[in-house]
Each structure stands twice: as structure tokens, then as C-alpha cells.
Amino acid sequence: IDALIATLKANIDSVITKSQIAELNAKIEEAILDISNYKSNEIYRNEEAVIRRDIINNAIEELHNVKSVAQIESILTKAKEDIDLLKTDSDYKKEEAQDYITEKLKYLDSYINTIDVDWYKEDDLNKIKELIENTKEAVSNANSVDEVNEILRNFEEAVSKVPYTDPNSNIEDEPETNEKGCKGNISSTLVFISLLSIAGLSLVSYKKKFN
């Protein structure tokens, strides 16, 4: 009798109530939504995108057959870990760009040797050196060839704006040099026109005097 009572009690304990079933079904739906939205196919290339969908579909199928919340959590954890192992498009681009990054870092390392350092004041030369170091850091962290090229374009533009002096001309080259040059040409032209006007007036006076 005691054995029978124990068996009956165990069977009663194992029976899932309607409320428990409803709760489990709600957890299942929540888990399906969670895994379905875990990351996006847009960040993957075609092959990895297909694998991600397969992982999600398999997880959903398993979730429909669970008997406990613990099983749900186990399925979710495993599916997310499998998806996390997939390479993203960004991962591939980083790998593809690595050789290019190495090449451009060498370019930056030797950049200071490609310019006429005597043309720059010490402070301006230090600006270029700082630009080089900052650019090297940015290039090292780049994720694609296009990103590296954009960083280098910005670097070269910044260097071009650093003032320098040509020892042969003793004229400092600054961003406004062209504007100053234009102003100089205009001033010379105005002086020339003024001289012509004076000469013209003098000639008219001379003619009137002797006519």
C-alpha cells in the first residue's frame, strides 16, 4: 500500500496543470521571438546568412517540443553561441584589409623621410609627426580598404595645410598664399593703371599748352 501511495503521489506531482502549460507556452513563444531576432542576416555574407537561418529554424523546432523552462534556456544558449561563431561581413573585410593595412602602416612609418623637413619649423614638423601617429592608430583599427583610403586622404589633406618655408625663396607657404598672391597682383595692376592715367593727363596738358 505504501508503495502504491508513493507511486500515485509521484504521478500527481508530475502532472502539469493548465496554468503551467500556459506559462510554458508563453515562454516558448518568447524564446522563439528572441532567437528569431538574434542578430541580422544583413551583417553576414550569403553563406553565413544561410547557416544562421538554419540554426534558428532548428532551435525553433526544438522549442516546440520542450517540457520545461530549463530546456528552453538550454536551447537558446546553444543557438546563440552557434550564431556568435559565424563570421560577419565586417570580419571578412577586416581580414581582407589586413595586408593593405600593413602596407599603409609602412608608408606612414617612412612618410617623414619623404618630405623636406628643413622646410618646416619645429612646431609644424611636430604637428606632422603627431598626425602620422594618430593616422597609424586609425589605420590599425580600420575594417576595410575603403576605410583605410578615407583615413589616408584626410591625413594627406591635413599635412598639406601645415605651413612650410621654401629655403630657396624665403617665402612662407601658408593656406592663404594664393590669396596673398592675388592681392599682390591686383595692387601692381592698380599702380600701373594709375601711372598710365597720370601719363595720359600730362600728355593732354602738354597738347593744350602748345595748341
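The values are calculated or read from the model by the stated rules, or taken from the named source; none is laboratory data. Just so it is clear, the structure is predicted and the values come from calculations on it, not from any experiment. Reconstructed Cβ throughout: ideal geometry from the backbone, glycine too, with neighbour counts over all protein chains shown. SASA here: full protein model, heavy atoms, side chains in, ligands and nucleic acids out. Shrake-Rupley method; radii C 1.70, N 1.55, O 1.52, S 1.80 Å.
Just a few scattered comments:
- Scanning the stretch 107-121 for any residue that is assigned to a helix (DSSP H, G or I), loosely packed, with under 11 Cβ neighbours inside 10 Å and at pLDDT 95 or above turns up nothing.
- For the stretch 71-89, the criterion of being within 36 Å of the chain's Cα centre (by Cα), under 30 Å from residue 144 (Cα atoms), assigned to a helix (DSSP H, G or I) and modelled with pLDDT under 95 is satisfied by at least one residue.
This table checks each residue for (1) at pLDDT below 95; (2) open to solvent by less than 80 Å² (accessible area, probe 1.4 Å).
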| position | (1), (2) |
| --- | --- |
| 129 | no, no |
| 132 | no, yes |
| 139 | no, yes |
| 153 | no, no |
| 164 | yes, yes |
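- Residue 168 meets the conditions (1) among the polar types (S, T, N, Q); (2) within 27 Å of residue 102 (Cα to Cα); (3) without any contact (Cβ under 8 Å) to a residue 12 or more places away in the chain in every case but one. The failed one is (2).
- Cross-chain or 6+ apart pairs with Cβ under 8 Å, the stretch 39-56 first and under 11 Å from residue 84 (Cα atoms), then of a type in the set (Phe, Trp, Tyr) and surrounded by 13 or more Cβ atoms within 10 Å (Cβ to Cβ): 52/44
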